[in-house]
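Asker: Structure in C-alpha cells, see below.
The values are calculated or read from the model by the stated rules, or taken from the named source; none is laboratory data. Keep in mind that this is a model prediction, so the values were computed, not measured. Note that we place each Cβ from the backbone using ideal geometry, even for glycine, and neighbour counts take in every protein chain shown. Side chains included, ligands, DNA and RNA excluded: accessible areas come from the protein's heavy atoms. Shrake-Rupley method; radii C 1.70, N 1.55, O 1.52, S 1.80 Å.
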Amino acid sequence: MDAPMDDAPTYLLTGDTGDWEVVIGLEVHCQVISHAKLFSGASTTFGAAPNSQVSLVDAAMPGMLPVINRACVEQAVRTGLGLRAQINNRSVFARKNYFYADLPQGYQISQYELPVVGEGTLILDMPDGSSRSVGIERLHLEQDAGKSLHDQHPTKSFIDLNRSGVALMEIVSKPDMRSPEEAGAYLRKLRSILRYLGTCDGNMEEGSMRADVNVSVRPVGETGLRTRCEVKNVNSVRFVMQAIETEAQRHIEIWESGGEVSQETRLFDPAKGETRSMRSKEEAHDYRYFPDPDLLPLEFDDAFVDAIRATLPELPDDKKARFIADFGLTPYDASVLVVDWREADFFERVAKGRDGKTAANWVISTLFGTLNKMGVGVEDSPVSAENLGKLIDLIADDTISGRIAKDVYEIMVETGEAPDTIVEERGLKQVKDTGAIEAAIDAVMAANPDKVAEVQGGKEKLLGWFTGQVMKATQGKANPGMVNELLKKKILG
Amino acid sequence: MITLTDLTIAEARKGLDAKTFTAAELTDAHIAAMEARADLNAYVLPTPDRAREMAAASDARIAKGKAGAMEGIPIAMKDLFCTDGTRTTAGSKILGNFVPPYESTVSANLWSAGAVLLGKANLDEFAMGSTNQTSAFGDVVNPWTRTDEPTRKLVPGGSSGGSAAAVAGRIALGATGTDTGGSIRQPASFCGIVGLKPTYGRCSRWGIVAFASSLDQAGPMARTVEDVAIMLGAMAGHDPKDSTSAPIAVPDFTAALEQGVKGLKVGIPREYRPEEGLSPEIDAIWTRGMEMLKDAGAEPVDISLPHTKYALATYYIIAPAEASSNLARYDGVRYGLRVLDEGDGLNDMYMKTRGAGFGAEVKRRILIGTYALSAGYYDAYYLKAQKVRSLIARDFKAAFDQGVDVILTPATPSAAFPLDDAPSDPVTMYLNDVFTVPTSLAGLPGLSVPVALTEAGLPQGLQLIGRPFDEETVLRAGRALEKAAAFTATPSLLEG
Amino acid sequence: MSLDKETVRKIAVLARVAVPDDQLDPLAGELSGILNWIEQLGEVDTSDVEPMASVADMTLPWRDDVVTDGGYPERVTANAPDSQDGFYLVPKVVE
Ligand SMILES: [Mg+2]
Ligand SMILES: [Zn+2]
C-alpha cells in the first residue's frame, strides 16, 4: 500500500550561529529466531551455563568449518520481503577481520559487498498520525560475538561464547531520519514488522535488537553530509532518542566553536546522558574484508523466495489500510492497533460485525489501559475478545447503559466472566419498563415536593437532579432517556 | 625372509589377509624401525602405544573377516590433522600442547578403514615451507643423499616433509599429506615416493589445521601408485561438515590402474620450460617420461598454459591473505601458547603470544597477507590475484576442452638440496613450487611419481595433472609411468 | 612497492604480531622483495575477468535448523591457558 507521506515535522536545534538539522541513520542488529546457530549446530537459547552452548566451530578450534543454517537464510529473506526489499538470489559471505576477546575466530563472518537483501522501505507511523518513508540500504546475515564479563575479577575479564555464532540480521537504514522521534518510530516499526514476521523477537532490553546510531548535523539549508559518529549498541528506544539528542548537541558545539567533528565510534552512557569515545575499538580498524574461502556464494532460486512469500502474514501497513477502509478508523487509531499483531487480531475479533470505531475505543482506551496496569500482553488479557464484543453488543441493543457497561467491564476484568452472565446474575439489565420507572419517579417526587414545586415554578435545571435521584433509586439500571422523558411528563405535565 | 617395513600397502594387505603375519607384527616392525631411524626426525610425536592398540583391534577384525581397505596398515599422520586425544601442533610453537577433543574427517575415515597410527609426522610450520625447515620441531632429514656427498644431509621437501621422509625411510607404509601449493608433490619428488594432491573438494578439510582454505587439500603419500590409490579411496568422500566438500561418490581408484594409457592424449605444456631455463637434467627426465608414455600408447600433445609464469606470484598473494585470517584464531585465549607478563593488557597478550608463537616464515606470510587485504591495497593485490587465478584455471580448462586427458610436467625444478644450503631468500625458496602451484590454483588433481635418479643419485618425480575429479585417469597414467620407469632405487641412508 | 619500517610496524600491529624494533628494517626489506616480485601481476590484462574465490563448482550447501552440537563446556575449555567456572579468562578489557 502507499501511505500518504506528509512533510517531515521540523526538528531543529538552535545553536549560537543558527538552526541545525540532524541527519540520522540506524544500523540495527536483530537476532534471528532459529533453534541452532548460523554456522554451527549449537543451540541459541539464552541463559545457559557459560560455554555450554558452544560447538567446536563456535570456539574456533583449529580446522573447524562453518556450514550455514537454512532457516537463518529463510528468516533473512522473509524479513527482506517484509521490508519490501530487493532479494538477492546470490550473495557472498565475507570475513571481517579484527581481534577481540569475544571474537574467537579473529574474524566475524558477515556479508560485505553482496548482501542477501538489498534496498527496501520502511513506513514510519508518527505520533501525530502522519507517515514518513525511510529507505533501507541493505540487510545482511552475520555472526554474533561472545560475551565479555568485566566485573567478575579485579584483573581479568571472563569470556562466554554461548552467543558466539548466533545469527544476526544487520538492517541498515539510509540516512533518512531527521529527528529523535523518527528514529524512535523507525525502531518501533521495525520491531513491529519483525514480530509480525516471526524473524526476531525484538526485545531490546534482552539484546536481541541492538541499534548503532549514526548521527551528523548540518546547518539548515546545507545539503551535503557532515562527518558522522556511530553510537554503538544502544539498547532501548528511549536511549536511542536521548543519544541522538546529546550527540547532535555535541556536534553543534564542536562545529560552532570552530572545531571539526572526527569520525569515530562512541558509546552512550544512559546514567550520565552523554556519549563517549570508544578508544578500544578505534585503533587500527582496518577490517580487511574478503570472501570467506570456507564458504561458497549463497545462492537460491525464485521458487525458494516465492515459497517464503506465500507464508507471509498481512503486515502492519496493509493491516492499517484495511482497518481504515473496513472499520472506518482514524489513521492514528489504526496505527496504534496494528503495532502488535496479537493486539490487531484481538481488535478484529472484537470489531467483527460491530461498529469499528466503538470497538477501537474500547480496545485502545479501556482494554490497553487495563493491560498496561496489569503489565500483561493481550494474549493474557483477562477479558477475551468474544466477551468484549458481547459487552459492546449489550450497549448497542440497550440491554445495559454505557455507565453500567463500565461496571460490567470491571467485573469482567476481575472474574473473566462473560458480560451477559454478569448482567443477568447481578440484575444489571437496563430497566425499560415504564411502570417501574414511573414508580421510582413517583417515589422521588413524593419525597421532594418542594423541589417539584421549584421545577414547576420555572427552575427546569433541577430536572437533572431528579434524573440523578431516579437513576440512583434504580441502581443506574433505568434507561436515562426514558427517565428524562417521563420526568418531564410527570412534573411539567 | 620378508622385511615387513619394505612391503607396499597392497602387499601388506595380502599378507595380513593370508595371515602370513599379523597387524601387531607389522606395527611392531615399524615401531622398531621408527626408533632406529629417529635421526630422520620424521615424527614430532610417535604414538607406539596407540599403534599397538589399534593393530590389536585390526587383528581382531581380520580374524572376524571384517577387514577394511587399510586394515592393519601402519601410517604416519601429518601433524596438521587433528587427532582426538593426541597432541596436534601444526609444526608450530603457538599450539603448545593442544590436544584436540575431536578427530579430523580424513583421519577418522582412515581409522574406520582399519589404518594404524604410528605417530604424528613433522611438517613445515602451518604447512608453510618447502624444506621442512620452518618446523618448530627441528629439521627433517631426507633418507636420500647425493652420491658425491654421501654424508651431507638433504632436505626432504615440504611442507609434508616428515610424511615423505617416513614413507621413503621405511618407517611408515603410507602417510597423509596436505598440499596447498605443492606440499605433497614436492616432498614426494624429493624423497622418491608417490604423492597425490586430489581435486579440491575430494577430501574433507574438516579437522585439518587450515593454511589457505581455498587451496588446502589432503592427499595420500606412499611408495607405489597402487598404494596411493588404495589410501585415497579410504581418505576421500563427501563430508557435510565441510561446505566445500564435493557431494560426489568415491570410485574404486584401484580398478582402472592397469588399463594403460593407450589412446590417451598427454598434454605437454610449453610454458613449463621457463625462459630462465629448466635444468637440462630435469628437462631430460621429463622428455624420458614423455617417451615412456608414448611407448605405452599415449599421444603427446603440445599445449599452452599461457599464464603459468604468473601462478607463483598469484599464489603468494592468495595463500598468505587467507592464512593471515585463518591464523588469527591463535590468540592465546582458548588453547595453545599464551605469553602474558605482569600488567599486560589483552593487546599485549596478543602481540607477545603471536610474536613468540609463530616462526619467521609464518610471520612473513601473515604480514604479507595482512598487507594484501588492507585498505587501499586489496584491489591491487588480492583482487588482482583472484582475477589472474581465473585466467590460470581457464588455461587448464581450455587444454582439457581441446581433448587432452592428462598433462605431464616435472614435479619440481630440481632434486633435493642440502639442509645447510637451502636458499635463504624467500622468493628463491618459493620457486620450488613453480610446477605444482598452477594445479593448486586451478583445484586440479596432481600426482607426483618418481621416474629417475639424477646424476647425483637423487630421485626426481614427474607430475601428472588431470581434469577435476578425474583422479582415475591420473592414477592410471601414473601407474603406466611407474611401470615403464621401473624405479626401484632405495634411499641411501637405509643401506647403512 | 617497497615497504618502510613504519608501514611494517603498522601491519604488525594490525596482525597482532610483536616484531622487535631491530627486526623491522630487515623485515621491511624481505617483504618489499616479495611484493616487488609480485608486482609482475601488473603485466596481466585482467579487465573483464571475474575474480575467482573458489574452484569448487557447486553452490553453498546448507543444513537443517536442528540443534546437533554443543553441551560440552569442558571440551570447549579443556585446552584453555586460563579458565574458571566454565569461562575463558583474559586480562581485563577496558572498554
Ligand atoms: Mg555497525
Ligand atoms: Zn554488524
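Asker: Condition first: within 16 Å of ligand 1 (Cβ to nearest atom), under 15 Å from A:Met209 (Cβ atoms) and surrounded by fewer than 22 Cβ atoms within 10 Å (Cβ to Cβ). Now tell me which residues in the range A:163-186 satisfy that.
Answerer: Within the range A:163-186, A:Glu170, A:Val172 meet the criteria.
Asker: Do we have any residue at all in the range B:446-455 that's at negative phi, outside the structural domain of B:Gly237 (by TED's automatic domain parsing), crowded, with 18+ Cβ neighbours inside 10 Å and assigned to a helix (DSSP H, G or I)?
Answerer: Checked the range B:446-455: no residue is at negative phi, outside the structural domain of B:Gly237 (by TED's automatic domain parsing), crowded, with 18+ Cβ neighbours inside 10 Å and assigned to a helix (DSSP H, G or I).
Asker: Now for a different question. Residue check: is B:Ala321 in contact with a strand residue (DSSP E or B) (Cβ under 8 Å, 6 or more places away or on another chain) and outside the structural domain of B:Lys363 (by TED's automatic domain parsing)? I'd like the intermediate steps shown before the answer.
Answerer: On the way: in contact with a strand residue (DSSP E or B) (Cβ under 8 Å, 6 or more places away or on another chain): yes; outside the structural domain of B:Lys363 (by TED's automatic domain parsing): no.
Spelling it out, it is not the case that B:Ala321 is in contact with a strand residue (DSSP E or B) (Cβ under 8 Å, 6 or more places away or on another chain) and outside the structural domain of B:Lys363 (by TED's automatic domain parsing).
Asker: Could you check, for the range A:235-251, whether at least one of its residues is within 27 Å of B:Ala328 (Cβ to Cβ) and either buried (at least 17 other Cβ atoms within 10 Å of the Cβ) or touching a Ser or Thr at 6+ places or on another chain (Cβ under 6 Å) (or both)? Steps first, please.
Answerer: Going through the range A:235-251, the residues within 27 Å of B:Ala328 (Cβ to Cβ) turn out to be none.
No, because not a single residue in the range A:235-251 is within 27 Å of B:Ala328 (Cβ to Cβ) and either buried (at least 17 other Cβ atoms within 10 Å of the Cβ) or touching a Ser or Thr at 6+ places or on another chain (Cβ under 6 Å) (or both).
Asker: If only one of B:Asp420, B:Asp405 is in contact (Cβ under 8 Å) with a residue 24 or more places away in the chain and open to solvent by 40 Å² or more (accessible area, probe 1.4 Å), which one is it?
Answerer: Result: B:Asp420 is the single residue among B:Asp420, B:Asp405 that is in contact (Cβ under 8 Å) with a residue 24 or more places away in the chain and open to solvent by 40 Å² or more (accessible area, probe 1.4 Å).
Asker: Inspect all residues belonging to the range A:65-82 and state whether any of them is modelled with pLDDT of 95 or more, open to solvent by 10 Å² or more (accessible area, probe 1.4 Å), assigned to a loop (DSSP other than H, G, I, E, B) and acidic (Asp, Glu).
Answerer: Checked against the condition, which is being modelled with pLDDT of 95 or more, open to solvent by 10 Å² or more (accessible area, probe 1.4 Å), assigned to a loop (DSSP other than H, G, I, E, B) and acidic (Asp, Glu), the range A:65-82 yields no hits at all.
Asker: Run A:Val240 past the list (1) within 16 Å of ligand 2 (Cβ to nearest atom); (2) within 30 Å of A:Arg342 (Cβ to Cβ) and report the number of the one that doesn't hold.
Answerer: (1)
Asker: Return yes when A:Arg250 is part of a helix (DSSP H, G or I), farther than 29 Å from A:Asp286 by Cα and among the charged types (D, E, K, R) and no when it is not.
Answerer: Values: part of a helix (DSSP H, G or I): yes; farther than 29 Å from A:Asp286 by Cα: no; among the charged types (D, E, K, R): yes.
No; evaluated as a whole, the condition is false for this residue.
Asker: Between A:Met278, A:Met241, which is aliphatic (A, V, I, L, M), touching a residue at least 40 places away in the same chain (Cβ under 8 Å) and in contact with a strand residue (DSSP E or B) (Cβ under 6 Å, 6 or more places away or on another chain)?
Answerer: Details: A:Met241 fails: in contact with a strand residue (DSSP E or B) (Cβ under 6 Å, 6 or more places away or on another chain).
Residue meeting the stated conditions: A:Met278.
Asker: Taking the range B:270-292 as the search range and keeping residues that are small (Gly, Ala, Ser) and not in a loop (DSSP other than H, G, I, E, B), which one is nearest to B:Ser448 (Cα to Cα)?
Answerer: Restricting to residues being small (Gly, Ala, Ser) and not in a loop (DSSP other than H, G, I, E, B), the top hit is B:Gly289.
Asker: In addition: Being away from ligand 1 (no atom under 16 Å from the Cβ) and surrounded by fewer than 24 Cβ atoms within 10 Å (Cβ to Cβ): is that true of A:Glu27 here? Spell out the reasoning first.
Answerer: Values: away from ligand 1 (no atom under 16 Å from the Cβ): no; surrounded by fewer than 24 Cβ atoms within 10 Å (Cβ to Cβ): yes.
Answer is no for this residue.
Asker: Confirm whether A:Ile33 is surrounded by fewer than 24 Cβ atoms within 10 Å (Cβ to Cβ), modelled with pLDDT of 95 or more and within 14 Å of chain B (Cβ to nearest Cβ).
Answerer: No; evaluated as a whole, the condition is false for this residue.
Asker: Cβ contacts < 6 Å: first residue more than 7 Å from every other protein chain (Cβ to nearest Cβ), restricted to the range C:25-49; second residue assigned to a helix (DSSP H, G or I), any location; separation 6+ or different chain. Result?
Answerer: Final answer for the pair search is C:Asp25/C:Lys5; C:Leu27/C:Val8; C:Ala28/C:Lys5; C:Ala28/C:Val8.
Listed here are the residues, each with its yes/no results for (1) polar (S, T, N, Q); (2) within 13 Å of ligand 2 (Cβ to nearest atom); (3) open to solvent by less than 10 Å² (accessible area, probe 1.4 Å).
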{"position": "A:Ile109", "(1), (2), (3)": "no, yes, yes"}
{"position": "A:Leu114", "(1), (2), (3)": "no, no, no"}
{"position": "A:Ser131", "(1), (2), (3)": "yes, no, yes"}
{"position": "A:Glu142", "(1), (2), (3)": "no, yes, yes"}
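Asker: Please go through the range A:285-339 and pick out each residue that is closer than 30 Å to B:Tyr381 by Cβ, surrounded by 15 or more Cβ atoms within 10 Å (Cβ to Cβ) and modelled with pLDDT under 95.
Answerer: Listed by number, the list holds a single entry, A:Asp286.
Asker: Okay, moving on. Can you pull out every residue in the range A:139-162 that is touching a residue at least 12 places away in the same chain (Cβ under 8 Å) and away from ligand 1 (no atom under 15 Å from the Cβ)?
Answerer: If the condition is that a residue be touching a residue at least 12 places away in the same chain (Cβ under 8 Å) and away from ligand 1 (no atom under 15 Å from the Cβ), then A:Gly146, A:Lys147, A:Ser148, A:Ser157, A:Phe158, A:Ile159, A:Asp160, A:Leu161, A:Asn162 are the ones that fit.
Asker: Show the residue pairs meeting these rules: Cβ distance below 8 Å; 6+ apart or different chains; first residue within the range B:98-123 and without any contact (Cβ under 8 Å) to a residue 24 or more places away in the chain and assigned by TED's automatic domain parsing to the domain that holds B:Gly85; second residue of a type in the set (Gly, Ala, Ser) and surrounded by fewer than 24 Cβ atoms within 10 Å (Cβ to Cβ).
Answerer: Partner pairs satisfying both residue conditions: B:Val99/B:Gly85; B:Val99/C:Ala78; B:Pro101/B:Gly85; B:Pro101/C:Ala78.
Asker: Just to verify a result, which residue in the range A:209-252, among those that are away from ligand 1 (no atom under 15 Å from the Cβ) and among the basic types (Lys, Arg), is farthest from the other protein chains (Cβ to nearest Cβ)?
Answerer: A:Arg218
Asker: Then there is this: I'd like the full set of residues that are touching an Asp or Glu at 6+ places or on another chain (Cβ under 7 Å), in a helix (DSSP H, G or I) and not hydroxyl-bearing (Ser, Thr, Tyr), limited to the range B:293-311. Show your work before the answer.
Answerer: At the first step, the residues of the range B:293-311 found to be touching an Asp or Glu at 6+ places or on another chain (Cβ under 7 Å) are B:304-309.
After this cut, where a residue has to be in a helix (DSSP H, G or I) as well, the list is B:308-309.
Answer for the range B:293-311, where residues must be touching an Asp or Glu at 6+ places or on another chain (Cβ under 7 Å), in a helix (DSSP H, G or I) and not hydroxyl-bearing (Ser, Thr, Tyr): just B:Lys309.
Asker: Now, a different point. Restricting attention to the range A:165-203, and to residues there that are touching a strand residue (DSSP E or B) at 6+ places or on another chain (Cβ under 7 Å) and small (Gly, Ala, Ser), which single residue is farthest from ligand 2 (Cβ to nearest atom)?
Answerer: The extreme case among them is A:Ser179.
Asker: Taking the options B:Ala484, B:Ala385, name whichever one is farther than 21 Å from B:Tyr272 by Cα and either open to solvent by less than 10 Å² (accessible area, probe 1.4 Å) or modelled with pLDDT of 95 or more (or both).
Answerer: Going through B:Ala484, B:Ala385 in turn, just one is farther than 21 Å from B:Tyr272 by Cα and either open to solvent by less than 10 Å² (accessible area, probe 1.4 Å) or modelled with pLDDT of 95 or more (or both): B:Ala484.
Asker: What tally of residues in the range B:441-496 results from selecting those that are among the β-branched types (Val, Ile, Thr) and closer than 14 Å to B:Ile407 by Cβ?
Answerer: Initially, the range B:441-496 is screened for residues among the β-branched types (Val, Ile, Thr), giving B:449, B:451, B:454, B:465, B:473-474, B:488, B:490.
From what is left, the residues that are closer than 14 Å to B:Ile407 by Cβ are B:449, B:465, B:473-474.
The total comes to 4.
Asker: Evaluate the following for B:Thr8: is it out of contact with any Gly (no Cβ under 8 Å at 6 or more places or on another chain), assigned by TED's automatic domain parsing to the domain that holds B:Asp124, closer than 25 Å to B:Thr488 by Cα and open to solvent by less than 30 Å² (accessible area, probe 1.4 Å)?
Answerer: Details: out of contact with any Gly (no Cβ under 8 Å at 6 or more places or on another chain): yes; assigned by TED's automatic domain parsing to the domain that holds B:Asp124: yes; closer than 25 Å to B:Thr488 by Cα: yes; open to solvent by less than 30 Å² (accessible area, probe 1.4 Å): yes.
The answer is yes for B:Thr8.
Asker: Identify the single condition in (1) open to solvent by 10 Å² or more (accessible area, probe 1.4 Å); (2) modelled with pLDDT of 95 or more that B:Ala90 does not satisfy, given that it satisfies every other one.
Answerer: Answer for B:Ala90: the failing condition is (1).
Asker: Return the only residue of B:Ser390, B:Ser448 being among the small types (Gly, Ala, Ser) and within 11 Å of another protein chain (Cβ to nearest Cβ). Steps first, please.
Answerer: Values: B:Ser448 fails: within 11 Å of another protein chain (Cβ to nearest Cβ).
Result of the check over B:Ser390, B:Ser448: B:Ser390.
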